[in-house]
1. Search segment 39-77 for residues being more than 14 Å from ARG14 (Cα to Cα) and basic (Lys, Arg), and hand back the single one that is surrounded by the most Cβ atoms within 10 Å (Cβ to Cβ).
2. Output the helices (runs of 4 or more DSSP H) that fall wholly within segment 1-104 and possess 3 or more residues being among the aliphatic types (A, V, I, L, M) and at pLDDT below 90, or say none.
3. Scan segment 1-49 residue by residue and report those that are of a type in the set (Gly, Ala, Ser) and closer than 19 Å to LYS70 by Cβ.
Amino acid sequence: MTETRIEGRVYELRFDMYAMEMVEEEFGGVRELFQELDSGKQVRALKAIFRIMGNSARAFRGEPETVSGKEILRLTMAEMRDLTADIQTEIRKSMKKETADGNEADDLYEDETDEKNG
């Protein structure tokens, strides 16, 4: 899990099968999530993925899912970039763990990242 701080409070982020299912329900899939993050709807997408990953971490620990996503609405642009980096770090870490079992989700993420970085 990756930790991120918002207004002094620590949130754990987890990207696992639970989070993947929520991403599919909300966006249609990981590719669509990244497309929305790159579109003009970054705040909506960032709010949703923060909620999904925050609640996934809470569910993993057996705690109630109480992350709403509204926690990020008062962030500055610099703080938003830091949160985005933390989310990308957690997704990247979880996708790399999947590589050993031949899961193609990591390939999708790597393809998306390679396209952005030229």
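1. So the first thing to find is which residues in segment 39-77 are more than 14 Å from ARG14 (Cα to Cα), and the list is 39-47, 64, 66, 68-77.
Retained after the next criterion (residues that are basic (Lys, Arg)): 41, 44, 47, 70, 74.
Working: LYS41: 13, ARG44: 14, LYS47: 17, LYS70: 10, ARG74: 9.
That would be LYS47.
2. Of the helices (runs of 4 or more DSSP H) lying wholly inside segment 1-104, those with at least 3 residues that are among the aliphatic types (A, V, I, L, M) and at pLDDT below 90 span 30-38, 77-98.
3. Within segment 1-49, the subset of a type in the set (Gly, Ala, Ser) is 8, 19, 28-29, 39-40, 45, 48.
Correct list: GLY8, ALA19, ALA45, ALA48.
The values are calculated or read from the model by the stated rules, or taken from the named source; none is laboratory data. Since the model is a prediction, treat every value here as computed from it, not as a measurement. No Cβ is skipped: glycine too gets one built from the backbone with ideal geometry, and neighbour counts run over all protein chains shown.
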